[in-house]
1. Among 77, 56, 87, 36, which is the only one that is in contact with a Ser or Thr (Cβ under 6 Å, 6 or more places away or on another chain), open to solvent by 20 Å² or more (accessible area, probe 1.4 Å) and of a type outside the set (Ser, Thr, Tyr)?
2. Anything in the stretch 8-18 that is closer than 15 Å to residue 84 by Cβ and either surrounded by 14 or more Cβ atoms within 10 Å (Cβ to Cβ) or at pLDDT 95 or above (or both)? List them, or say none.
3. For the stretch 383-394, how many residues are of a type in the set (D, E, K, R) and over 11 Å from residue 330 (Cβ atoms)?
4. Under 6 Å between Cβ atoms, at least 6 apart or on separate chains: pull out the pairs that start in the stretch 204-223 with a residue that is under 18 Å from residue 297 (Cα atoms) and part of a helix (DSSP H, G or I) and end on any residue that is modelled with pLDDT of 75 or more and open to solvent by 50 Å² or more (accessible area, probe 1.4 Å).
5. Any idea which of (1) modelled with pLDDT under 90; (2) crowded, with 22+ Cβ neighbours inside 10 Å is the one residue 82 doesn't satisfy?
6. Of all residues in the stretch 241-260, how many are over 11 Å from residue 273 (Cβ atoms), acidic (Asp, Glu) and surrounded by 17 or more Cβ atoms within 10 Å (Cβ to Cβ)?
7. Taking into account only those residues within the stretch 302-341 that are over 19 Å from residue 413 (Cβ atoms) and of a type in the set (A, V, I, L, M, F, W, C), which is most open to solvent (accessible area, probe 1.4 Å)?
8. Just to check your reading of the model, which residue among 150, 146, 73, 62 is closer than 13 Å to residue 28 by Cα and among the aliphatic types (A, V, I, L, M)?
Amino acid sequence: MESMYVAILQDDFTVRSSAFACFASVWLLRLVDPAKQHPQRIIGLPLPDEVPLVFKVQPEYMFDDVVELWDLMMKYKPTVFTTSGQKEIIDFSMTFLTSTWYITNPYLKSKLVAILAIGVRPFGRYKMGILGTALCTHPLSLKHLMMCLMSFYVECEKTGTHTQFYDKFREYYSIGCNPTKIFIRNKAGFISTTRDIAEVMQSVWKDPVHHSVMADFTRNMGEFVKFANRLMNDVTFMLDELLSKLVEIKKLQLEMSRKEEWDALTQEQRDDKMSKLRSAEGIVESWVIYSREFLALLIEFTDSNKGPFVSPEIVERLAAMLNYVLDQLAGPRCSDLKTKDLDKYRFDPKEMLSKVLQIYINLSGETAFIQAIATEGRSYRKGLFDSALHIASTKVLKSPEELDTFARFAVKVEEVRLAMDEEDITEYPEEFEDPVMATLMKDPVILPSSKAVVDLSTIKSHLLSDPTDPFNRVPLKIEDVIPNVELKERIDKFVTEYRAKAASAKLEKMQQEIDKMDTEE
């Protein structure tokens, strides 16, 4: 094997083979270019919906061989691309990541993004990697990179297999580290994790042109909300897995530390527990690596594009996720995360707490976010926020200005919670209740196939993950739902009358207290 690598990576061979791969990529692009002018003229993207027959009949290895050789060279001989090949790689990647329907195999598309990710990692004197500068100057990259990465992020949610939820991480971290893949065994098979989507995004995030393209994309709230929803779902999953496995490791370490009890176990029992410990440690090391990257990405987006994260279909779940993680990091069970050799897993709870607090701070001025945090019933407590503020202050996790912002945010949240407790409507007619969330509907709509009535925010949230009617699994689009105007009018009337009665009762009670005080005097 070593002799084969020596032969493959011989200087003259790498130059000639890379040149041939670039030639083959140009030929493939010429096949799909409607104008047949590539590379003399920049190819127009996205490509037409109809895939040319001449491209359809090409064997898959024609595409795969080009990408595999680029991947090999990027990993072991990136200097071959310092003088040539960068333009061809970006042309090829942007074309097929923008027009993903031209490639049916999702893993071929993920290889393209993996090459870009390797290309933006610092290498020698190239602080932005071999491709970093080119990605911030190439016209196709400037126009399409951020949008195609986000679109691919959403697309690779479904890989067409029964393990698709886990398979997607192979691709997600092919759009934020080492090209060596880490395999995590679990009930669904194994997950191959790399951190590429986040790495490429973050590498070009500071570039003003890419940033402006991103701003334009976020104006399309419907599409960006899908991306924000996927990002939030994955951060939630990663952090939940990471924190639960740390608790499991702590429990197993405690069992092993009790020598008499440990020695009393059979060899089979000890081997089983040791196996569970190794498995949990492997999972933690991997989740720490990419949860750090995805949290950083969430911080970037909540700082510059707040709207999607405070939309009705996302804000409540974001609040639940943040409060849950904050409870794990700053609540009474935070000591469960303090395992032996914490540095071994590269997990720093203070760093994670700082990142979570930053998301709170980024959204602290949004009324919808304040209300969502205040009404989240699973983890929110005033004492939890006080504890987080104390830890952040004593450990100097945030600047004085950021601590002040978070403190004022915590005060607003508690004020809103107390006000909502007074106005909370707990009794209402059954027909006003959302059948999915068991809450009072605000904007009822009728689902056309099942005729079920649900709140608009409920069905919007459902459709982000599953484009079907939740009651009969018939395909459904948000544009198809029918507003139930008559029911909304009755709900609004009920709420108005209820609050008027509550306000009247409150005033009456206050007057009685005043009269009582006058009598006593």
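The values are calculated or read from the model by the stated rules, or taken from the named source; none is laboratory data. Source: prediction; values computed, not measured. Every residue, glycine as well, gets a Cβ built from its backbone with ideal geometry; the counts of neighbours run over all protein chains shown. Ligands, DNA and RNA are stripped out before the accessible areas are found, and what is left, the full protein with its side chains, is counted by its heavy atoms. Shrake-Rupley method; radii C 1.70, N 1.55, O 1.52, S 1.80 Å.
1. On the way: 56 fails: in contact with a Ser or Thr (Cβ under 6 Å, 6 or more places away or on another chain); 87 fails: in contact with a Ser or Thr (Cβ under 6 Å, 6 or more places away or on another chain); 36 fails: in contact with a Ser or Thr (Cβ under 6 Å, 6 or more places away or on another chain).
Result: 77 is the single residue among 77, 56, 87, 36 that is in contact with a Ser or Thr (Cβ under 6 Å, 6 or more places away or on another chain), open to solvent by 20 Å² or more (accessible area, probe 1.4 Å) and of a type outside the set (Ser, Thr, Tyr).
2. At the first step, the residues of the stretch 8-18 found to be closer than 15 Å to residue 84 by Cβ are 11-12, 14-18.
Within the stretch 8-18, 14, 15, 17, 18 meet the criteria.
3. The initial filter retains those residues of the stretch 383-394 that are of a type in the set (D, E, K, R), namely 386.
Retained after the next criterion (residues that are over 11 Å from residue 330 (Cβ atoms)): none.
Matching residues across the stretch 383-394 total 0.
4. Filtered contacts from the stretch 204-223: 217/147.
5. Condition (2) is where residue 82 drops out.
6. Summing the residues that are over 11 Å from residue 273 (Cβ atoms), acidic (Asp, Glu) and surrounded by 17 or more Cβ atoms within 10 Å (Cβ to Cβ) in the stretch 241-260 gives 1.
7. 334
8. Being closer than 13 Å to residue 28 by Cα and among the aliphatic types (A, V, I, L, M) holds for just one of 150, 146, 73, 62, which is 62.
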